[in-house]
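Every number here is computed from the coordinates shown, using simple stated rules; none is lab data. Computed from a predicted model, the values in this text were never measured in an experiment. FYI the Cβ positions are ideal-geometry reconstructions off the backbone, even for glycines, and counts take in every protein chain you see.
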Amino acid sequence: MSEVDKSVFISYRRKDSSGYARAVYQALKARGCDVFLDVEDIGSGRFEQIIKREIESRVHFVVILTPSAVKRCNQSDDWLRREIELALALEHVVNIVPLSFDGFTFKKAEKYLTGKLSQLQHFNALEVSHSGFEAAMDKLVDLYLKRAVRDKTASNPSHQDAYFYFERALKKDDKGDFEGAILDYIEAVHLYPKYAIAYYNLGLIYHKMGLLDLASLNYKNALNYDSSLALAHGNLANIHKDKGDLDAAILGYSQVIAISPDDSLAYYNRGLAYFLMQKWDDAITDYDNAIRLNSNYLAAHNNRASTYAAKRDFSRAISGFRQTLTLDPSATTAYRGLGICFEKMNWYKDALQNYQKYLDLEGTNADNLVVKRVYELKQHLGL
């Protein structure tokens, strides 16, 4: 094989599998492979530009699977899941090789490998043990990585051109050249009309530019070719919500939940849409689920309390706002919420105390309505 044919991207979960990833990296480098191993934290905003570019530019995608590493893969925003989803979207030109460590089996991992990730079980995994590590690495290079060369060279040349434009678009996007990136993404989908990730990235750029109709169109095109792109469903739902089409937003968030049942953000967003529709009970149910999945979800705690307040269930609302303040004592919206609840209950001194705490924390950014209520309550109490 030539050097380019031995280019490898290693996907792994840092917390659980970094030791295995480094061992595989060193073994492949020693066998002449060009290997990318992400060892530094990358902010979510740079994920699209860096990780996607590296996966796109390499022939082989080696993913390290352990029983603990896959436990968060059923969340749509999970880092490891996003890497695998991208590789699966490119499987016609990217050779996907799962490496099984610590007794990992697809059968035991079914509840975590949801949506498109369920396709991983159809790839021939290579089991790696401590005692047979070197033999497994030889097999990986001599059999698993060679096997894809024929598939790669047989792929449609127009697809290869599409990937060239896609990679160039990523670089332009990274530099803030949105217009140039758009032109290259358009060329990529012209050459490869089923290029779901390119449509999705086009949608992201238009979204950032505030061109919501064009963003929606491209998210829909992406989903037309890959309906399991949870992030596309979620972003499209956000646009519907911002435009006031709450029924469509709820449908989109529900699609995300169907793909990733443990996605706390999707439950939170759907709860917010239900809240805007004044469907209080549905909103509370979704906030409950968001908190069940992430007990420290500050916004979900606060919004659930606000929903109870909207239902005039002030006892639960007060409890909820206090729970929010337990998580973050500087959560100003919780103090304002407590003030509203106490005032509705005619507990004016408690209301004033919490409104004042809100003002102290917000300073010049405080809501003028709260300033007015503090003044009026002081007048009422003779202070």
Can you give the Kirkwood hydrodynamic radius for the chain, in Å, rounded to one decimal and based on Cα pairs?
23.5
Reachable lysines, given that their alpha-carbon falls under 22 Å from the alpha-carbon of LYS220 and they are not under 8 places away in the same chain
LYS52, LYS116, LYS194, LYS208, LYS241, LYS243
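Given contacts defined as C-alpha pairs under 8 Å and at least six residues apart, what's the relative contact order of the range 156-226, whole-number percent?
Values: 85 pairs, mean separation 18.8, N = 71.
Worked out over the range 156-226, it gives 27 percent.
If the only charges are +1 at each Lys and Arg Cβ and -1 at each Asp and Glu Cβ, what is the size of the charge dipole of the chain around the Cα centre, to the nearest 20 debye?
On the way: 48 positive and 49 negative charges, 172 e Å.
Using Cβ point charges on Lys, Arg, Asp and Glu, the chain gives about 820 debye.
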Can you tell me which lysines have their Cα less than 17 Å from the Cα of LYS311? Leave out same-chain residues fewer than eight positions away.
LYS279, LYS344
The helix 348-362 Cα axis meets the longest alpha-carbon principal axis of the chain at an angle in degrees, between 0 and 90 and rounded to 10, of 40
Which far-off residues, 5 or more places away or on another chain, put their amide H under 5 Å from the one on PHE36, with H placed in the peptide plane?
VAL8, PHE9, ILE10
Dipole axis of the range 295-383 (+1 Lys, Arg; -1 Asp, Glu on Cβ), positive-most option in ALA331, GLY382, TRP347:
TRP347
Note the angle between two axes, namely the Cα long axis of helix 332-344 and the longest principal axis of the Cα atoms of the chain, as a number of degrees from 0 to 90, rounded to the nearest 10.
40
Compactness summary of the range 336-383: radius of gyration and Dmax from Cα atoms, Å, are 9.7, 28
Taking K and R as +1 and D and E as -1, what net charge do the other residues with C-beta under 12 Å from the C-beta of LEU117 add up to?
+1
Placing +1 at every Lys and Arg Cβ and -1 at every Asp and Glu Cβ, with all other atoms neutral, what dipole size does the range 97-255 have around its Cα centre, in debye to the nearest 20?
300
Distance from the range 160-174 to the range 297-343 (C-alpha centre basis), Å
47
Compare ARG82, ARG373, ARG304 in a GNM of the chain, Cα atoms joined below 10 Å, and give the one with the largest fluctuation.
ARG373
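Pull out a ≥ b ≥ c, the square roots of the eigenvalues of the alpha-carbon gyration tensor of the range 295-383, then state rounded if a/c is under 1.5, prolate if not and a/b is larger than b/c, and oblate in the remaining case. Spell out each step's value before the answer.
On the way: a/c = 2.27, a/b = 1.41, b/c = 1.61.
Verdict is oblate for the range 295-383.
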Assigning unit charges at the beta carbon (Lys, Arg +1; Asp, Glu -1) and nothing else, what dipole magnitude in debye, to the nearest 20, does the range 156-226 show about its Cα centre?
100
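Using a/c under 1.5 as the rounded threshold, could you call the range 156-226 rounded, prolate or oblate? The axes a ≥ b ≥ c are square roots of the C-alpha gyration tensor eigenvalues, and prolate needs a/b larger than b/c, oblate otherwise. Don't skip to the end; give the middle numbers.
Details: a/c = 2.50, a/b = 1.18, b/c = 2.12.
Here the range 156-226 falls in the oblate category.
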Relative to the longest principal axis of the chain, what angle (0 to 90°, nearest 10) does the C-alpha long axis of helix 145-154 take?
90
Dividing the alpha-carbon radius of gyration of the range 116-273 by 2.2 N^0.38 Å (N being the number of residues), what value is obtained?
1.30
Fraction of the pair-distance distribution of the range 228-308 above 19 Å, Cα-Cα pairs, percent:
29
